[in-house]
There are 2 protein chains.
Amino acid sequence: MGKFKRNERIAGLMYIFTNRPNEILTYNYFSKLFNVKKPSISGDIGIMKELVKKLDIGVIETIPGANGGVRFIPGNNKEETKKFLDYLCSELSKKERLIPGGFIYMMDLLNNPQIVKKIGMILADEFIDRDIDYVVTIETKGIPIGLMTAEFLGVPLVIIRKNMRITEGTAVNINYISGSTKTIQTMSLSKRALKEGANVLIVDDFMRAGGTIKGIKEMMGEFNAQVKGIGVLITTLEPEEKLIKGYKALLKLEKVDEVDGEISMSSNFELLRQFK
Amino acid sequence: MGKFKRNERIAGLMYIFTNRPNEILTYNYFSKLFNVKKPSISGDIGIMKELVKKLDIGVIETIPGANGGVRFIPGNNKEETKKFLDYLCSELSKKERLIPGGFIYMMDLLNNPQIVKKIGMILADEFIDRDIDYVVTIETKGIPIGLMTAEFLGVPLVIIRKNMRITEGTAVNINYISGSTKTIQTMSLSKRALKEGANVLIVDDFMRAGGTIKGIKEMMGEFNAQVKGIGVLITTLEPEEKLIKGYKALLKLEKVDEVDGEISMSSNFELLRQFK
């Protein structure tokens, strides 16, 4: 690369930080990339720190020491997050989303990159202080949210399969009881999927009684992993007594009335740790 | 928001463009966001255009007319892409990835947000000129790549299920024959998933004979959708005769020798349209 002026470097840094959230990047890396000496990069980073604060998009943190560097921790804007969760509530409460059996069609939202990106950013910031090594989810609907949460935390995603797959080698299989349907199900995870003793965040799209997540917790036990957090997009009011504790849900499904075609959904915005 | 100086706006614009690739954003939107008049934004965009060119990260395009605005089309750096595909080849050829049955363990790569983001960006740029409305994939392993490709194209992802789900309402089900295993399988897609007459890009992680993708094409026919492109991460040398034509694969699996523990994988970098 040729020579870049300070303003050009600032824009370039913003591009890199935005693309690689929570990754520790060294002054050396930037120095080579922009072909300037380290003190110049140091000055750039100083300006960036002020800038991300002023733009209200997160913080840039300096990590001292031999493995040190800087990283960008994206943050959510309070007003925008509140509006976004309200938007999800009103969108998900639309009559036409009702599916026979009392289900709600939400694939258009759960597979929309911009929507799941925002959800991922909100979930990530709720658990940013837990030193997470992996985000763990179970196929299929929670995968996009899980992937985006993992991206913002700067860690890999792990997907538990609902059946054993020969293409993934030796696996741990466990049986669990789905709390709402009371049926026995199997989940499977390759032995290679997690490093021993990792810290994990469990993420899913929907939780009723919590049987699936209880199963995932048990699976994590088999890998000697520590469950440091549980984040779901939607939980239901009923049953009140869940099979797991300490989860965080962004939305609450209060009622589905199939006869009148009514769905009521509310936001848990006021429970978010990141705005306290 | 308060007042921002030009350099602060440039950095802010970079943040927004990077987060929302291929989305058309209006001068009005920026003008309100930064609390400045439109001619100032117009000047900012002019600077941005030069800047993204100089940084070699894509182009900013102006769309004239009533629904006009500007959008950032991220581009891949030629040298970096070549290196990245070579890295994937060497990583995927490692002996320890061999799984009994001749399979290759690749979940760590397919679920790594930074890796799938790069794959998604390469696939997106191959089909950027096809006016894509949806990226379509089939569960499970191709979902992360599909989501990232969709993000860079600025369109939603559609996930075909391998079994019918009552939670997704009325669905189209089709049977297809997996070209490599010769077994009959079912795929299912909710009737709500696609708008009539859409242009779609099919994305998957792995293709052997192409039976699954042939099935997806048939499914798209049921929705009167036009298949405008097919992009896969890996294809195999054998069988030479595939069930579909006109696909683009980033990598080619040439040989898996279970006895000697050898995997040979090569890059299709020289076939990429975006660098021609």
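The values are calculated or read from the model by the stated rules, or taken from the named source; none is laboratory data. Note that the structure is a prediction, hence the values are computed from the model and not measured. Positions of Cβ are generated from backbone atoms using ideal geometry, with glycine treated the same way; all protein chains shown enter the neighbour counts.
Given the criterion modelled with pLDDT of 95 or more and assigned by TED's automatic domain parsing to the domain that holds B:TYR105, identify the matching residue among B:GLU254, B:GLU240, B:GLU258.
The conditions single out B:GLU254.
Within segment B:14-42, how many residues turn out to be surrounded by 14 or more Cβ atoms within 10 Å (Cβ to Cβ) and either farther than 26 Å from B:GLY120 by Cβ or more than 8 Å from every other protein chain (Cβ to nearest Cβ) (or both)?
Looking only at segment B:14-42, we keep the residues that are surrounded by 14 or more Cβ atoms within 10 Å (Cβ to Cβ), and these are B:14-27, B:29-31, B:33-34, B:36, B:40-42.
Still in the list and also either farther than 26 Å from B:GLY120 by Cβ or more than 8 Å from every other protein chain (Cβ to nearest Cβ) (or both): B:16-17, B:21-22, B:24-27, B:29-31, B:33-34, B:36, B:40-42.
Here the count works out to 17.
Which one is surrounded by the most Cβ atoms within 10 Å (Cβ to Cβ) among residues in segment B:47-94 that are in a loop (DSSP other than H, G, I, E, B) and at positive phi?
Restricting attention to segment B:47-94, the residues satisfying the condition of being in a loop (DSSP other than H, G, I, E, B) are B:56-57, B:64-68, B:75-77, B:93-94.
Narrowing further to those that are at positive phi: B:56, B:65.
On the way: B:ASP56: 13, B:GLY65: 6.
Filtering first and then ranking leaves B:ASP56.
Checking A:SER90 against (1) more than 12 Å from chain B (Cβ to nearest Cβ); (2) within 19 Å of B:GLU23 (Cβ to Cβ), which test does it fail?
(2)
Looking only at segment A:97-140, which residues are farther than 20 Å from A:LEU85 by Cα and surrounded by 22 or more Cβ atoms within 10 Å (Cβ to Cβ)?
A:ILE132, A:TYR134, A:VAL135, A:VAL136, A:THR137, A:ILE138
Within segment A:13-44, how many residues are under 30 Å from the mean Cα position of the chain (by Cα) and at positive phi?
Counting residues in segment A:13-44 that are under 30 Å from the mean Cα position of the chain (by Cα) and at positive phi gives 1.
Could you please find all residues in segment A:139-160 being within 7 Å of chain B (Cβ to nearest Cβ) and within 26 Å of A:GLY211 (Cβ to Cβ)? Steps first, please.
Pass one, segment A:139-160, residues within 7 Å of chain B (Cβ to nearest Cβ): A:139-140, A:143-144, A:147, A:150-151, A:156-159.
Once the filter is applied, which keeps residues that are within 7 Å of chain B (Cβ to nearest Cβ) and within 26 Å of A:GLY211 (Cβ to Cβ), segment A:139-160 yields A:GLU139, A:THR140, A:ILE143, A:PRO144, A:LEU147, A:ALA150, A:PRO156, A:LEU157, A:VAL158, A:ILE159.
Looking only at segment A:161-188, which residues are away from every other protein chain (no Cβ under 11 Å) and either among the hydrophobic types (A, V, I, L, M, F, W, C) or in contact with a Cys (Cβ under 8 Å, 6 or more places away or on another chain) (or both)?
Passing the criteria: A:MET164, A:VAL172, A:ILE174, A:ILE177, A:ILE184, A:MET187.
Quick one: how many residues across segment A:139-174 are in contact with a helix residue (DSSP H, G or I) (Cβ under 8 Å, 6 or more places away or on another chain), without any contact (Cβ under 8 Å) to a residue 40 or more places away in the chain, assigned to a strand (DSSP E or B) and not charged (D, E, K, R)?
Summing the residues that are in contact with a helix residue (DSSP H, G or I) (Cβ under 8 Å, 6 or more places away or on another chain), without any contact (Cβ under 8 Å) to a residue 40 or more places away in the chain, assigned to a strand (DSSP E or B) and not charged (D, E, K, R) in segment A:139-174 gives 2.
Hey, among B:ILE60, B:ILE47, which residue is at the interface with chain A (Cβ under 10 Å from one of its Cβ atoms), within 31 Å of the chain's Cα centre (by Cα) and of a type in the set (Val, Ile, Thr)?
On the way: B:ILE60 fails: at the interface with chain A (Cβ under 10 Å from one of its Cβ atoms).
Of the residues listed, the single one that is at the interface with chain A (Cβ under 10 Å from one of its Cβ atoms), within 31 Å of the chain's Cα centre (by Cα) and of a type in the set (Val, Ile, Thr) is B:ILE47.
Looking only at segment A:50-69, decide whether some residue is of a type in the set (S, T, N, Q) and touching a Pro at 6+ places or on another chain (Cβ under 7 Å). Reasoning before the result, please.
Step one: list which residues in segment A:50-69 are of a type in the set (S, T, N, Q), which gives A:62, A:67.
Now restrict to residues that are touching a Pro at 6+ places or on another chain (Cβ under 7 Å): none.
No, that holds for no residue.
Suppose the filter is within 19 Å of A:ILE138 (Cα to Cα) and not β-branched (Val, Ile, Thr); does A:LEU250 pass it?
Working: within 19 Å of A:ILE138 (Cα to Cα): yes; not β-branched (Val, Ile, Thr): yes.
Yes: the conditions hold for A:LEU250.
Which of the residues that make up segment A:231-276 are aliphatic (A, V, I, L, M) and assigned to a helix (DSSP H, G or I)?
Quick first cut of segment A:231-276, residues aliphatic (A, V, I, L, M) only: A:232-234, A:237, A:243-244, A:249-251, A:253, A:256, A:259, A:263, A:265, A:271-272.
Listed by number, the list holds a single entry, A:LEU271.
Going residue by residue through segment A:166-186, is there one that turns out to be of a type in the set (D, E, K, R) and surrounded by fewer than 23 Cβ atoms within 10 Å (Cβ to Cβ)? Break it down into steps so the answer makes sense when it comes.
Taking segment A:166-186 first, the residues of a type in the set (D, E, K, R) are A:168, A:182.
Of the ones still in play, those that are also surrounded by fewer than 23 Cβ atoms within 10 Å (Cβ to Cβ) are A:168, A:182.
The answer is yes, given that some residue of segment A:166-186 is of a type in the set (D, E, K, R) and surrounded by fewer than 23 Cβ atoms within 10 Å (Cβ to Cβ).
One line per residue, one yes/no per condition, for (1) more than 19 Å from the chain's Cα centre (by Cα); (2) closer than 18 Å to B:LYS83 by Cβ; (3) exposed (fewer than 12 other Cβ atoms within 10 Å of the Cβ):
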| residue | (1), (2), (3) |
| --- | --- |
| B:LYS242 | yes, no, no |
| B:ALA249 | no, no, no |
| B:ASP257 | yes, no, yes |
| B:SER264 | yes, no, no |
| B:GLU270 | no, yes, yes |
| B:GLN274 | no, yes, no |
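Under 6 Å by Cβ, and 6 or more places apart or on different chains, what pairs join a residue from segment B:175-202 that is closer than 13 Å to B:LYS214 by Cα with one that is of a type in the set (Ser, Thr, Tyr) and in a strand (DSSP E or B)?
These pairs meet every condition: B:ASN175/B:THR186; B:GLN185/B:TYR176.
Identify all residues within segment B:95-138 that are within 11 Å of chain A (Cβ to nearest Cβ), assigned to a loop (DSSP other than H, G, I, E, B) and within 15 Å of the chain's Cα centre (by Cα); write none if there are none.
Listed by number, the residues that qualify are B:ASN111, B:ASN112.
Within segment A:76-86, identify whether any single residue is within 9 Å of another protein chain (Cβ to nearest Cβ), touching a helix residue (DSSP H, G or I) at 6+ places or on another chain (Cβ under 6 Å) and more than 27 Å from B:ALA124 (Cα to Cα), and answer yes or no.
Step one: filter segment A:76-86 for residues within 9 Å of another protein chain (Cβ to nearest Cβ), giving none.
There is no residue in segment A:76-86 that is within 9 Å of another protein chain (Cβ to nearest Cβ), touching a helix residue (DSSP H, G or I) at 6+ places or on another chain (Cβ under 6 Å) and more than 27 Å from B:ALA124 (Cα to Cα).
Quick check, is A:LYS54 more than 8 Å from every other protein chain (Cβ to nearest Cβ) and among the basic types (Lys, Arg)?
Working: more than 8 Å from every other protein chain (Cβ to nearest Cβ): no; among the basic types (Lys, Arg): yes.
Considered against the rule, which asks whether it is more than 8 Å from every other protein chain (Cβ to nearest Cβ) and among the basic types (Lys, Arg), A:LYS54 comes out as no.
Yes or no: A:VAL227 assigned to a strand (DSSP E or B) and either touching a residue at least 24 places away in the same chain (Cβ under 8 Å) or buried (at least 20 other Cβ atoms within 10 Å of the Cβ) (or both)? Write out each step before concluding.
Values: assigned to a strand (DSSP E or B): yes; either touching a residue at least 24 places away in the same chain (Cβ under 8 Å) or buried (at least 20 other Cβ atoms within 10 Å of the Cβ) (or both): yes.
The answer is yes for A:VAL227.
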